[in-house]
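The values are calculated or read from the model by the stated rules, or taken from the named source; none is laboratory data. None of these values were measured; they are calculated from a predicted model. We place every Cβ from the backbone using ideal geometry, glycine too, and count neighbours over all the protein chains shown. The area values use the complete protein model at the heavy-atom level, side chains included, leaving out ligands, DNA and RNA. Shrake-Rupley method; radii C 1.70, N 1.55, O 1.52, S 1.80 Å.
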Amino acid sequence: MEGRVGHGTRTAGYGAIDPSIRNEKITWSVIMSSIVAASCGLIFGYDLGISGGVTTMPPFLEKFFPSVLKKKEDATQSTYCVYDSQILTLFTSSLYLSGLVSSLLASRVTKVFGRKFAILFGGCTFLVGSIVNCTAPNVVLLILGRILLGFGVGFTNQAAPVYIAEMAPPKYRGAFNTGFQLFIAIGVLCANIINFVTSGLGKWGWRLSLGLAAAPAAIVLLGALLVTDTPSSLVERGKLPEARDALLKVRGANSDIEAELSELVEACETAREVDQISFKTIFKKQYRPHLVIAGGVPFFQQLTGINTIAFYAPVLFNSVGFGNDSALKGTILLGLVNVGSIAASMFMVDRFGRRALFIEGGIQMFICQVGLASILGATLGLSGKGEISKAAGSVILVLMCLYAAGFGWSWGPLCFLVPTEVCPVKIRPIGQSVSIAVHFSVAFILSQTFLSQLCHFKYTVFLFYAGWIVIMTTFVVCLLPETKGVPLESMHTIWQQHWLWKKFTAPSPTMLQTIST
């Protein structure tokens, strides 16, 4: 039942390294490398937070979207429809359209040039986009800057989660990968605080908000220059000595890394058997489970409604009766709750597993969405011309905080973790590209249509998202296997134990004979 591969012992688990010889030690190199990769979330989070905040600033609206400012000052305008402008939403959603394109390009770049190169390229592009946005004299250049930001986010979102998953010890992979979502939340929180400060600086405050996006971009660039690429990426590109050095660095100088290195070499050699892996490989039958999970998780994550709330939290608070300052303060509170819940997830994800957090978070978000719809329906009604009492406003804020917490320890971080876990090395960059492409596609559609939805659906827009939460929770219960603690190179074993996916990934008779002998 056992065989030898290099210096590594194989077990009957068909490719699994015996846990007793696997190095699970956390080194400073692993910590620092993972922090650098996770910091890519700063640029995504900063953009999420900053774009929603500047769209509530009168000087910004006056310069680029005067029609929205006019509606905002019109007392007869429905509360739900003040910000219903396709050009205004294009300011936000254009980033996700360009992010979609760049994420598809990023899979090839990541495979050929490495994870580190993709992070550097994404940071540079985001830096240029922040400068264009800050200095934009008109809407055309403003949106061009957003497109450049999207290219940067597409590359970093594709490369960073893969980098972390390949660097982290399997036992703690969930906690390390959750760091990416934690940095997204920190970026959102910092952006909300900056918006609150700059909103009082007059006509140029919004330029400072947009221009400060250069700061997280510089952090990403500087950090990426100081770390090595992942051992898996180096082996994949034929740089075995560098891979050995990198693995020794991240596992510890005195560690026995031969078993893990042998497993990486074998996985990459298997990948090379199919030369010039094309994007369509992931659509083959044996990769059907990987495609469904890698695409389904980000698809459903967007349909929790979180990004629309993140983009438009200040607008949403403003629309339901909060003043401008109160809206920004409420958004800061949401950011603090989100950071705290994601930090909690780092301690829970490797203890309770992915499925438990997905299911609990879904139930919590469903209750909050239904509660929000009920309160808005009872106070504003369908006309949107009612008034929200101070007590009702406080309940709305509490429900949104509970909703943010439920997302923060479930669908938020797990959306970036699970797709990187389930795909074998042969299709891992492709699978991550599919995941990010789906993420950006749905984000573009929802961010472009949310304010129009709010105008036409009124308070029932929250019931729309609540319905999707029921569907996605069912998806997890039926189709998502547990990946907690499973080594990446042994992940195929979870599919062979699943009631449905084993029909697609069961070993061939030849493989079964090899295992049995």
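Quick one: dipole size for the stretch 185-303, taken about the Cα centre, charges +1 on Lys/Arg Cβ and -1 on Asp/Glu Cβ, in debye to the nearest 20. Could you put the intermediate results ahead of the total?
Values: 12 positive and 12 negative charges, 168 e Å.
Roughly 800 debye, rounded to the nearest 20.
Where the convex hull is taken over the Cα atoms of the stretch 413-511, what is its projected area averaged over directions, in nm²? Seen from a random direction, the Cα hull of the stretch 413-511 projects 8.0 nm² on average. In this structure the amide hydrogen of Gly252, modeled in the peptide plane, comes within under 5 Å of no amide hydrogen from residues 5 or more places off or on another chain. Which of rounded, prolate or oblate describes the stretch 403-447 when judged by the alpha-carbon gyration tensor and an a/c cut-off of 1.5? It is oblate, given that a/c is not under 1.5 and a/b is not larger than b/c.
Accessible surface comparison of Asp350, Asp74, Asp47, Asp245, probe 1.4 Å, protein chains only, largest first: the order is Asp245, Asp74, Asp350, Asp47. For the stretch 129-241, the solvent-accessible area with a 1.4 angstrom probe is 32 square angstrom per residue. Inter-label distance, Val101 to Leu208: 3.4 nm, where each label sits 7 Å from its Cα along the C-beta direction.
Going down the list Lys111/Lys249; Lys116/Lys285; Lys239/Lys503; Lys111/Lys503, which pairs span over 26 Å between their C-alpha atoms?
Lys116/Lys285; Lys239/Lys503; Lys111/Lys503
Using 0.36 nm per residue and subtracting the Cα-Cα separation, the extra length available between Phe283 and Glu73 on full extension is 70.4 nm. For the stretch 113-185, averaging the sequence separation of C-alpha pairs within contact (under 8 Å, six or more residues apart) and dividing by the residue count gives a relative contact order of 32 percent.
Accessible surface of the stretch 371-436, 1.4 Å probe: 68 percent of it comes from carbon and sulfur atoms. Derived scalar couplings between HN and Hα for the stretch 334-350 equal 4, x, 5, 5, 5, 4, x, 5, 5, 4, 5, 4, 4, 8, 9, 5, 8 Hz in order, rounded to whole Hz, by the Karplus curve 6.51 cos²θ - 1.76 cosθ + 1.60 (θ = phi - 60°), x for Gly and Pro. Couplings 3J(HN,Hα) of the stretch 220-227, computed from phi: 4, 5, 4, x, 5, 5, 9, 10 Hz, in residue order, whole Hz [Karplus 6.51 cos²θ - 1.76 cosθ + 1.60, θ = phi - 60°; x for Gly and Pro]. One decimal place: the segment Val398-His456 gains 18.4 nm when fully extended, by the rule 0.36 nm per residue minus the C-alpha distance.
A dipole drawn for the stretch 224-263 from +1 and -1 charges on Cβ atoms has a positive end, and of Ala224, Val250, Leu240 the residue lying farthest that way is Ala224. Couplings 3J(HN,Hα) for the stretch 452-468, derived from phi with the Karplus relation 6.51 cos²θ - 1.76 cosθ + 1.60 (θ = phi - 60°), are 5, 4, 4, 5, 8, 7, 6, 6, 6, 4, 6, 5, 4, 6, 4, x, 5 Hz, where x marks Gly and Pro. Measuring nothing but protein heavy atoms, the accessible surface of the stretch 128-251 at 1.4 Å probe radius is 77 percent carbon and sulfur.
Among the listed pairs Lys70/Lys329; Lys171/Lys502; Lys25/Lys502; Lys280/Lys502, those with a Cα-Cα distance over 30 Å are Lys25/Lys502. A straight chain from Arg237 to Ala391 at 0.36 nm per residue would run longer than the Cα-Cα distance by 49.4 nm. Which shape class, rounded, prolate or oblate, goes with the stretch 108-214 when its Cα gyration tensor gives a ≥ b ≥ c as root eigenvalues, a/c under 1.5 marks rounded, and past that a/b bigger than b/c marks prolate? Note, shape of the stretch 108-214 comes out oblate.
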